[in-house]
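Peer 1: Take this structure first; my questions come after.
The values are calculated or read from the model by the stated rules, or taken from the named source; none is laboratory data. If you're wondering where the values come from, they're calculated on a predicted model, not measured in any experiment. Because the Cβ atoms are built from the backbone with ideal geometry, glycine has one as well, and the counts that use them run over all protein chains shown.
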Amino acid sequence: MSKSEPRRAHSRTRERSNRERGAHRDEASREPSESPPRGQSHFQGLAVVATPIGNAGDITLRALATLAAADAILCEDTRVSAKLLARHGISRPLLPYHEHNAEKMRPLILERLAAGEALALISDAGTPLVSDPGYKLLRAVTAAGIPVTALPGASSVMTALVLSGLPTDRFHFAGFLPARAGERARTLAALAAIPATLVLFESTNRLPESLAAMAEAFGPRPAAVARELTKLFEEVRRADLASLARHYAEAGPPKGEVVVVVGPPEKAPAASETDIDAALGEALNRASLRDAVEEVAAATGAPRRQVYARALALSGQGAGGDGAQ
């Protein structure tokens with residue numbers, strides 16, 4: 001082989017490598033919002049897609065690609081969804097699906113999915129099914145054995161929880177409170193004992209009275225009122241429930257959409273030995289030692305071994321006991 005042969009071979013290898021790198025760059029630079037050829041989809045069945053709750057930029061690349069690939073997009077208000085899609089250069093058929101036409105539309109949607117179409121479900125803002133239409137549709141789709149996938153994204157529940165400054169390790173989403181005072185009071189009474197941070201939706205007009213009702217039901221818990229999340233005038237006001245209720249009663253209902261986050265109930269202080277003895281004295285007068293121990297341990301939260309030891313001492317049975325351990 002002449003000296004020029006290795007050089008020519010090296011040149012051909014380098015040229016091929018450059019072509020491959022160029023092809024990879026072309027592939028990576030394709031816009032995710034480009035619609036695929038008609039009839040082709042990158043997913044099967046129903047895709048539940050989260051959309052922005054305020055800032056239109058809060059949408060994922062995967063969401064854009066999925067919406068662009070859908071045979072049709074199910075949405076609450078076609079006018080609202082059309083603006084979002086236009087912003088990202090996506091043009092797909094829009095089908096209205098909301099609480100007023102859901103019963104009529106579900107069978108038609110199931111027919112299209114069964115025929116092999118790929119459909120995407122979005123709400124006006126945020127993650128579908130969270131206080132938005134879609135639960136019954138998803139249940140019917142899964143019952144029919146049709147594939148379902150969910151694309152995570154913006155959520156006012158999670159955004160408010162994170163911004164509240166309250167514990168996030170355990171939380172309970174309670175949706176909207178009832179509008180009627182009596183029903184609202186009963187709902188709050190049921191929520192009061194839940195050992196978790198509460199996240200609730202509320203209309204701005206009812207916010208002052210709802211905060212006052214929460215203060216009455218929950219006591220002086222810390223809370224936060226988040227409004228206009230991800231938008232230009234985003235605001236999070238943090239204080240105890242009574243203070244927040246007074247503020248909005250004086251300032252009037254705020255503008256925009258609101259999420260209320262309430263801190264969990266404080267843990268009850270540990271029962272003292274005097275408290276345990278008093279409870280055991282009353283329980284031992286009407287129940288066996290075993291039953292009295294179970295009752296007092298449950299009522300006070302004290303360790304069962306501690307309650308059992310005190311019960312033996314009070315009953316004069318000593319270490320022998322009756323085998324209640």
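Peer 1: Let me spell it out: the conditions are (1) buried (at least 20 other Cβ atoms within 10 Å of the Cβ); (2) within 15 Å of ALA50 (Cβ to Cβ), and ALA69 meets all of them except one. Which number is the exception?
Peer 2: Going through the list (1) buried (at least 20 other Cβ atoms within 10 Å of the Cβ); (2) within 15 Å of ALA50 (Cβ to Cβ), ALA69 breaks only (2).
Peer 1: Criterion first (more than 24 Å from the chain's Cα centre (by Cα), among the polar types (S, T, N, Q) and assigned by TED's automatic domain parsing to the domain that holds ARG139) does THR78 satisfy it? Spell out how you get there, then give the answer.
Peer 2: Numbers: more than 24 Å from the chain's Cα centre (by Cα): yes; among the polar types (S, T, N, Q): yes; assigned by TED's automatic domain parsing to the domain that holds ARG139: yes.
Here the answer is yes, as THR78 does meet what is asked.
Peer 1: Could I ask something else about it? Can you work out which of the residues in segment 211-250 that are of a type in the set (Lys, Arg) and over 21 Å from ALA193 (Cβ atoms) is farthest from the chain's Cα centre (by Cα)?
Peer 2: So in segment 211-250, the residues of a type in the set (Lys, Arg) come out as 221, 227, 231, 237-238, 246.
So of that shortlist, the ones also over 21 Å from ALA193 (Cβ atoms) come out as 227, 231, 237-238, 246.
Values: ARG227: 17, LYS231: 19, ARG237: 21, ARG238: 21, ARG246: 29 Å.
Among them, the one singled out is ARG246.
Peer 1: Could you list all residues from segment 253-294 that are more than 28 Å from LEU312 (Cβ to Cβ) and in contact with an Asp or Glu (Cβ under 6 Å, 6 or more places away or on another chain)?
Peer 2: Those that are more than 28 Å from LEU312 (Cβ to Cβ) and in contact with an Asp or Glu (Cβ under 6 Å, 6 or more places away or on another chain): GLY256, VAL258, VAL260.
Peer 1: On to the next question. Is it true that PRO269 is at pLDDT below 95 and closer than 23 Å to ALA192 by Cα?
Peer 2: Details: at pLDDT below 95: yes; closer than 23 Å to ALA192 by Cα: yes.
Against the criterion (at pLDDT below 95 and closer than 23 Å to ALA192 by Cα), PRO269 qualifies.
Peer 1: Do any strands (runs of 3 or more DSSP E) entirely within segment 197-296 hold 2 or more residues that are of a type in the set (Gly, Ala, Ser) and surrounded by 15 or more Cβ atoms within 10 Å (Cβ to Cβ), and if so, which?
Peer 2: Working: elements: 197-202, 222-227, 235-240, 258-262.
Filter on segment 197-296 gives 222-227.
Peer 1: ALA160 fails exactly one of the following numbered conditions: (1) surrounded by fewer than 21 Cβ atoms within 10 Å (Cβ to Cβ); (2) assigned to a helix (DSSP H, G or I). What is the number of that condition?
Peer 2: All conditions pass for ALA160, except number (1).
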